[in-house]
Amino acid sequence: MTKPKPEIKIVDVATGEVIVRDANAEEISQMELDAANAAAAKTKAEAREAQRQAILDRLGLTEEEAKLLLG
Amino acid sequence: MATTTNYGWTTPDDTSLVKDGASAIRTLGTSIDTTTKNLNPQTTTGAIAYRSSTSNVNTSLAIGTAGQVLTVNSGATAPEWATPTTGGMTLISTTTLSGASVSLTSIPGTYNNLQIVVRLWLPATTNTSLRLRLNSDSAANRHIVNYAYGTLDFSYDATSIPLTGNARNSSSSTIVIANIYDYKNTTTPKIGDLLAVNTETTANFTLNREHFAYSQTGAITSLDLFSLSGNMTSGDVLLYGVK
């Protein structure tokens with residue numbers, strides 16, 4: 001069974017005209033790219049957080065102590 | 001023949017004969033009548049007169065409609081009645097969120113700012129966020145969002161702006177209020193800010209305060225709202241123009 005294509009709704013706010021259509025190949029590619037970018041950003045943020053935690057562990061500081069120190 | 005100082009009405013000379021008096025009075029009366037009518041051309045209640053380009057001939061301006069104020073026309077040549085420009089917000093559109101993306105297009109450039117209100121956005125896929133893209137511009141590194149205030153040494157690094165945190169696909173509590181300032185100017189990047197709350201992937205909530213920017217100088221004429229992944233099950237987006 002073919003997976004349905006994502007739908008795009010376009011509203012002309014000047015006229016009120018509404019067009020609902022299937023996403024084209026370019027838009028689907030953009031959606032996939034957006035998701036990939038978001039996943040990459042999340043991975044990067046998680047890596048940064050892991051790095052931060054590693055530094056805290058190495059210094060023997062808790063999260064609260066680090067906040068006190070930097071605050 | 002003698003004439004009056006201001007309007008040049010003809011009057012009898014000192015040497016005129018008495019027998020010509022009736023004619024002279026009639027001539028003077030006619031002149032006064034004509035001038036008076038030229039100065040007071042109004043024929044309807046509430047009309048006012050203003051000076052035309054011809055000396056001593058006024059133009060009648062009919063009364064305006066309720067609430068109108070007297071102003072000067074665009075050519076700065078005459079007064080006219082006009083509906084005063086009022087502040088406040090105008091609801092431009094209300095749209096149900098559905099499918100993979102909703103685009104609001106042909107946004108009129110007649111306001112100072114735009115305000116976007118999103119209510120109860122619910123994604124079909126769990127653990128995803130609601131995004132905003134200006135002018136359908138998906139080119140790399142033209143959008144940026146930040147969650148902290150103060151000087152920020154930044155580079156544009158995104159293709160869209162997150163309006164919410166990651167949300168679950170049930171029991172929406174989402175409310176987003178985002179502003180885009182001076183959206184119609186064509187000389188500067190665009191800036192905005194927002195407040196948002198949504199139900200997290202757990203039972204907790206995310207409360208966001210963000211500011212964002214878009215690097216391009218063109219006027220904002222369209223807005224895309226979409227879930228980062230999957231469809232949108234429900235919700236509404238209200239677009240306001242703010243003066």
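Values as computed for the structure displayed
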{"read-out": "Residues being among the acidic types (Asp, Glu) and part of a loop (DSSP other than H, G, I, E, B) - total across the range B:1-21", "value": "2"}
{"read-out": "Hits in the range A:1-17 (condition: more than 8 Å from every other protein chain (Cβ to nearest Cβ) and either touching a residue at least 60 places away in the same chain (Cβ under 8 Å) or under 30 Å from B:TYR111 (Cβ atoms) (or both))", "value": "A:GLU17"}
{"read-out": "Members of the range B:185-207 that are over 15 Å from B:LEU225 (Cβ atoms) and either within 14 Å of chain A (Cβ to nearest Cβ) or in contact with a strand residue (DSSP E or B) (Cβ under 8 Å, 6 or more places away or on another chain) (or both)", "value": "B:PRO189, B:LYS190, B:ILE191, B:ASP193, B:LEU195, B:VAL197, B:THR199, B:GLU200, B:THR201, B:PHE205, B:THR206, B:LEU207"}
{"read-out": "Filter result for the condition that a residue is buried (at least 21 other Cβ atoms within 10 Å of the Cβ) and either modelled with pLDDT under 90 or farther than 24 Å from A:ILE28 by Cβ (or both), over B:LEU91, B:LEU114", "value": "B:LEU114"}
{"read-out": "Filter result for B:ALA22 (among the small types (Gly, Ala, Ser), out of contact with any helix residue (DSSP H, G or I) (no Cβ under 6 Å at 6 or more places or on another chain) and surrounded by fewer than 10 Cβ atoms within 10 Å (Cβ to Cβ))", "value": "yes"}
{"read-out": "Single match in A:ALA38, A:ALA25 (criterion: under 23 Å from the mean Cα position of the chain (by Cα), aliphatic (A, V, I, L, M) and within 8 Å of chain B (Cβ to nearest Cβ))", "value": "A:ALA38"}
{"read-out": "In the range B:52-67, the residues that are in contact (Cβ under 8 Å) with a residue 12 or more places away in the chain and either within 19 Å of B:GLN42 (Cα to Cα) or outside any loop (DSSP other than H, G, I, E, B) (or both)", "value": "B:ASN56, B:VAL57, B:ASN58, B:THR59, B:SER60, B:LEU61, B:ALA62, B:ILE63, B:GLY64, B:THR65"}
{"read-out": "Among residues of the range B:92-130, those that are at the interface with chain A (Cβ under 7 Å from one of its Cβ atoms) and either over 16 Å from B:GLY192 (Cβ atoms) or part of a strand (DSSP E or B) (or both), counted", "value": "13"}
{"read-out": "Selection status of B:ALA49, in contact with a helix residue (DSSP H, G or I) (Cβ under 9 Å, 6 or more places away or on another chain) and more than 23 Å from B:SER173 (Cα to Cα)", "value": "yes"}
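The values are calculated or read from the model by the stated rules, or taken from the named source; none is laboratory data. Since the model is a prediction, treat every value here as computed from it, not as a measurement. Neighbour counts are summed over all protein chains in view; Cβ atoms, including those assigned to glycine, are modelled from backbone coordinates with ideal geometry.
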